[in-house]
Amino acid sequence: MNLTTIINRQSPPTPWQTGEKIPWNEPAFSQRMLENHLSQEHDWASRRYKIIDQHIAWISQQLPNKQSKILDLGCGPGFYTQRLAKLGYQCTAVDFSPASIEYAKQQAIQDNLNINYLLADIRNYQPTDRFDLIMMTFGEFNVFKETDIKALLNNITQYLTPNGYLLIEAHTYQAILTYGQQTASWQSYKTGLFLDSPHICLEEHFWNEQQTTATTRYYIIDTVNNQTIEYGSSMKAYTDLAYQRLFQEAGMISINKLTHTQWPTGDIFTEKLQTFICQK
Ligand SMILES: C[S@@+](CC[C@H](N)C(=O)[O-])C[C@H]1O[C@@H](n2cnc3c(N)ncnc32)[C@H](O)[C@@H]1O
């Protein structure tokens, strides 16, 4: 792309228009992302193991039958399912990142665990099983368009056992609003998430009040090949009432929020992420 299009742009970008998401499913990108998932220096692709272990403790308290079936949607490198399968749970996990799924499969083989890992887009996934817990953690919920998330919720709630739980960790409205109102910034990298060669990343944020959506545009200036690549990502903000409606419309009757003691989010996500536990 030509950078002057930024200067000549007439109106802010439409949410979800340029690239629905950052390219999680692109092989080289997913390999670089995997390194971030695995890092124990920061919490931004997956939380550090210390926090994940606390989540596992809560799940295992909630599901005393250690044969229970668990489905993790957007499982990344399988940090949750690896731990849950070790406790005896029967786990299925879906992600469209090739590097993450490959890593997760290798970890399962290494520990002799029978985990059903699937490389697929969760929007198209049709399980043949029924699950006692279906989970989607770490805020990925908001990165889907509202129409997609409604269809996904309607679909997956069909796959819950009668007393099964739906666990959704999603962003607060305020977190997404603040994100969308951030000022533009830039950074230079010798190597980074979007490119493994030297580049500059320009980042612009927009808040669309009508759609209650934050959109980020990343312009990756590849200084080696003298070209610019544009990526986009949008996040839909829901009020607590809107979350309640979404879960109710998908057939959930009991909808509760977990406390930070039950499901800690990690320091940098306090007040930014919240966790719902629902039952039909
Ligand atoms: C923020 S990461 C969280 C990973 C994991 N849940 C954790 O907490 O460690 C979000 C994950 O969702 C996956 N993802 C995003 N959109 C997806 C889609 N449409 N289908 C499948 N996986 C998706 C990404 O590849 C990524 O691994």
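The values are calculated or read from the model by the stated rules, or taken from the named source; none is laboratory data. Only a predicted model underlies this, so the values are computations on that prediction, with no experimental measurement involved. Cβ atoms come from the backbone with ideal geometry, glycine included; neighbour counts cover every protein chain shown.
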Of the listed residues (Gln274, Gln244), the one being modelled with pLDDT of 95 or more, in contact with a helix residue (DSSP H, G or I) (Cβ under 9 Å, 6 or more places away or on another chain) and assigned by TED's automatic domain parsing to the domain that holds Leu167 is Gln274
Flagged in region 57-105 as assigned to a helix (DSSP H, G or I), of a type in the set (A, V, I, L, M) and away from the ligand (no atom under 11 Å from the Cβ), in numbering order, are Ala57, Ile59, Leu84, Ala85
Residues in region 4-16: is at least one within 20 Å of Met136 (Cβ to Cβ) and surrounded by 15 or more Cβ atoms within 10 Å (Cβ to Cβ)?
yes
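What residue, of Gln248, Gln274, is exposed (fewer than 13 other Cβ atoms within 10 Å of the Cβ), among the polar types (S, T, N, Q) and out of contact with any Pro (no Cβ under 8 Å at 6 or more places or on another chain)? Talk me through it step by step, then tell me what you get.
Numbers: Gln274 fails: exposed (fewer than 13 other Cβ atoms within 10 Å of the Cβ).
Gln248 is the lone residue from the list that is exposed (fewer than 13 other Cβ atoms within 10 Å of the Cβ), among the polar types (S, T, N, Q) and out of contact with any Pro (no Cβ under 8 Å at 6 or more places or on another chain).
Scan region 149-172 for residues that are buried (at least 16 other Cβ atoms within 10 Å of the Cβ) and within 30 Å of Glu204 (Cα to Cα) and jot them down.
Ile149, Leu152, Ile168, Glu169, Ala170, His171, Thr172
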If you go through Gly78, Gly74, Gly88, the only one that is among the small types (Gly, Ala, Ser), outside the structural domain of Asp196 (by TED's automatic domain parsing) and without any contact (Cβ under 8 Å) to a residue 24 or more places away in the chain is Gly88
Residues of region 134-193 being of a type in the set (Phe, Trp, Tyr), more than 22 Å from Cys91 (Cβ to Cβ) and under 14 Å from the mean Cα position of the chain (by Cα), in sequence order, are Phe144
